[in-house]
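S.K.: Submitted below is the structure of interest, expressed as structure tokens.
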Amino acid sequence: MTKRNTLVGEIDEAVLAYTVGDDPALDLRLLEADCIGTAAHVTMLASLPLDPPLLRGPERDRVVGALVGILRAGRAGKVTITASDQDVHMAVERLLTARLGALGKRVHTARSRNDQVAVDLRLFAKDALHALIADVSALARRLVLFARRHADWPMVGRTHLQPGMPGSVGLWASACAEDLLEDTALLRGAYALNDRCPLGAAAGYGVPLPIDRRLTARLLGFAEPVTNVLHAVQSRGKVEAAILAALVQTMLSLSRLAEDLIIFSMPEFGYFRIPGQLCTGSSIMPQKRNPDVLELVRARCARVAAQHAAVVGVMHGLPGGYNRDLQETKAPLLEGLRTTHASVAVMARLVGALKADRRALLAGFRPEVFAADRALALAAEGMPFRDAYRHVRAHLDDLAAADPEEAIARKTHLGAPACLGLDELDGRLREVKGFASRARRRYYAAVGRLLGVKYPALTGGSES
Ligand code: ARG
């Protein structure tokens with residue numbers, strides 16, 4: 001059996017390949033987070049009043065300068081993670097040691113890959129989540145705008161997809177917006193859970209050195225450190241599952257919106273029109289304008305749900321402490337975040353370009369759509385509701401077509417077509433947007449201070 005020499009000794013080639021799995025590719029996406037986490041770690045080490053110091057101030061500056069260089073090289077596509085690196089953590093240590101010699105060999109003091117990968121994933125998720133929350137709120141605001149523009153456009157309300165009662169385009173669109181608003185609450189919950197720093201937990205049992213975990217957390221812009229070092233390491237996987245659960249909720253909202261648009265933009269309905277450039281064609285049927293985007297949103301919702309299930313599957317029954325199983329929660333998290341964000345962004349384009357057709361919407365109002373309203377009118381005149389129901393049911397053929405616009409104008413109570421509360425919805429969505437941009441600004445400012453360059457631009461400062 002051939003053996004491969006790694007930073008941590010020789011490993012059988014086949015075992016190395018199997019255990020490394022997809023990490024060399026996946027971990028490239030964590031390069032930025034790994035360098036930032038390492039910069040905070042060495043800054044903390046250099047701040048400790050020890051004699052001899054673990055790292056001196058100027059040494060810290062050289063390490064951080066080299067990390068900025070690695071970040072820039074990474075953005076230029078010039079960093080690769082090899083199988084003998086195993087993962088991004090040892091690739092960065094190898095690159096630092098190549099640039100800085102013996103100094104590079106000091107950076108791993110008082111940490112382990114277990115807290116390192118945990119902090120990388122939390123930094124990655126933090127950055128991804130505030131961007132996602134901002135974009136979900138932007139999509140929801142587009143839906144509110146659509147609702148405003150079509151507030152008094154009647155649309156048949158359906159249950160079981162069958163015609164039910166008079167509804168409106170405004171009602172439909174703002175329902176989708178409120179759905180997404182609630183998703184942001186879950187995303188923010190996941191954000192808060194994720195916003196605690198595991199760094200310094202090392203293998204999960206702490207280190208016999210007086211490290212300052214509060215300082216590391218602060219340097220990285222986290223709200224606070226995870227307190228218990230064992231919990232810091234074994235909360236990995238559960239945090240991922242919580243984030244993915246919020247992503248699934250978001251994808252469910254998108255998938256319902258997508259499915260409604262697929263149905264109601266069919267020529268047989270024609271309520272909505274998706275502009276041609278957002279549809280795809282057929283290689284044989286020249287007339288086709290297919291809503292492929294919406295179909296893929298529907299399918300990708302299922303995939304994100306499967307990614308959540310995959311993480312829960314890996315986690316269930318795991319013993320305490322670090323277990324290599326945890327590596328398998330990485331791909332579902334990264335993929336779930338990427339898929340959800342891309343889906344939200346593409347749906348915002350679609351909603352922004354969506355057209356409604358008033359005539360087609362009105363054509364859907366056959367007299368039976370007013371049956372329940374008629375029964376309720378009789379009840380308002382004093383007839384017991386059940387008698388009114390029976391009466392209307394017995395005389396369905398005599399139902400007169402009513403005016404759909406008048407019908408929705410009469411629904412004036414909270415949340416009904418004539419009282420959608422769009423201003424309140426907009427206000428809540430503005431608050432969400434404010435949260436997301438404050439979170440982003442705080443994080444980027446912290447990283448910029450730490451690295452001594454503008455972040456995320458990586459401009460200014462000096463590189464060694
Ligand atoms: N690639 C590994 C992971 O994702 C890094 C941590 C390895 N730690 C270890 N004790 N083998 O979990």
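The values are calculated or read from the model by the stated rules, or taken from the named source; none is laboratory data. Not measured: the values here are computed from a predicted model. In this analysis, Cβ positions are derived from the backbone assuming ideal geometry, glycine residues included, and neighbour counts consider all displayed protein chains. SASA here: full protein model, heavy atoms, side chains in, ligands and nucleic acids out. Shrake-Rupley method; radii C 1.70, N 1.55, O 1.52, S 1.80 Å.
S.K.: Looking only at segment 53-71, which residues are assigned to a helix (DSSP H, G or I) and loosely packed, with under 14 Cβ neighbours inside 10 Å?
M.R.: 57, 58
Residue-by-condition table, conditions (1) in a loop (DSSP other than H, G, I, E, B); (2) hydroxyl-bearing (Ser, Thr, Tyr); (3) buried (at least 17 other Cβ atoms within 10 Å of the Cβ):
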{"residue": "148", "(1), (2), (3)": "no, no, no"}
{"residue": "155", "(1), (2), (3)": "no, no, yes"}
{"residue": "164", "(1), (2), (3)": "no, no, no"}
{"residue": "174", "(1), (2), (3)": "no, yes, yes"}
{"residue": "183", "(1), (2), (3)": "no, no, yes"}
{"residue": "186", "(1), (2), (3)": "no, no, yes"}
{"residue": "202", "(1), (2), (3)": "yes, no, yes"}
{"residue": "208", "(1), (2), (3)": "yes, no, no"}
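S.K.: Let me ask something else. Do we find a residue being of a type outside the set (D, E, K, R) and within 13 Å of residue 356 (Cα to Cα) anywhere in segment 274-287?
M.R.: yes
S.K.: Also: Of the residues 134, 185, 177, 147, only one is farther than 25 Å from residue 360 by Cβ, in contact with a helix residue (DSSP H, G or I) (Cβ under 6 Å, 6 or more places away or on another chain) and hydrophobic (A, V, I, L, M, F, W, C); which?
M.R.: Being farther than 25 Å from residue 360 by Cβ, in contact with a helix residue (DSSP H, G or I) (Cβ under 6 Å, 6 or more places away or on another chain) and hydrophobic (A, V, I, L, M, F, W, C) holds for just one of 134, 185, 177, 147, which is 134.
S.K.: Please list, ordered by first then second residue, the pairs with beta carbon atoms under 7 Å, 6 or more apart or interchain, first in segment 225-250 and part of a loop (DSSP other than H, G, I, E, B), second among the basic types (Lys, Arg).
M.R.: 226/196
S.K.: Could you list, in sequence order, all residues of segment 1-47 that are surrounded by fewer than 16 Cβ atoms within 10 Å (Cβ to Cβ) and more than 16 Å from the ligand (Cβ to nearest atom)?
M.R.: Within segment 1-47, 1, 2, 3, 5, 13, 14 qualify.
S.K.: Continuing with the same structure: Filter segment 325-345 for residues that are within 13 Å of residue 297 (Cα to Cα) and not polar (S, T, N, Q); which is surrounded by the most Cβ atoms within 10 Å (Cβ to Cβ)?
M.R.: 336
S.K.: Now for a separate question. Within segment 271-294, how many residues are assigned to a loop (DSSP other than H, G, I, E, B) and surrounded by 15 or more Cβ atoms within 10 Å (Cβ to Cβ)?
M.R.: The total comes to 5.
S.K.: Output the qualifying pairs, or none if there are none: Cβ atoms under 8 angstrom, residues six or more apart or on different chains, first residue in segment 433-458 and open to solvent by 30 Å² or more (accessible area, probe 1.4 Å), second residue at pLDDT below 95 and of a type in the set (Ser, Thr, Tyr).
M.R.: 452/462
S.K.: Please list, ordered by first then second residue, the pairs with beta carbon atoms under 8 Å, 6 or more apart or interchain, first in segment 92-106 and closer than 24 Å to residue 23 by Cβ and open to solvent by 40 Å² or more (accessible area, probe 1.4 Å), second modelled with pLDDT under 95 and among the small types (Gly, Ala, Ser).
M.R.: 99/464
S.K.: Looking at segment 187-203 only, could you name the residues that are among the small types (Gly, Ala, Ser) and either on the phi < 0 side of the Ramachandran plot or without any contact (Cβ under 8 Å) to a residue 24 or more places away in the chain (or both)?
M.R.: 189, 190, 192, 201, 203
S.K.: Among all residue pairs at least 6 apart or on different chains, which show Cβ distances below 7 Å where the first residue, located in segment 1-24, is within 22 Å of residue 335 (Cα to Cα) and the second is away from the ligand (no atom under 13 Å from the Cβ)?
M.R.: Listed by first residue and then by second, the contacts come to 24/82.
S.K.: Kindly provide the set of residues from segment 295-324 that are within 15 Å of the ligand (Cβ to nearest atom), open to solvent by 70 Å² or more (accessible area, probe 1.4 Å) and free of Cβ contacts under 8 Å to residues at least 40 places away in the same chain, ordered by number.
M.R.: Result: 319, single match.
S.K.: Out of everything in segment 107-145 that is outside any helix (DSSP H, G or I) and in contact (Cβ under 8 Å) with a residue 60 or more places away in the chain, what residue ends up being most open to solvent (accessible area, probe 1.4 Å)?
M.R.: The qualifying residue most open to solvent (accessible area, probe 1.4 Å) is 109.
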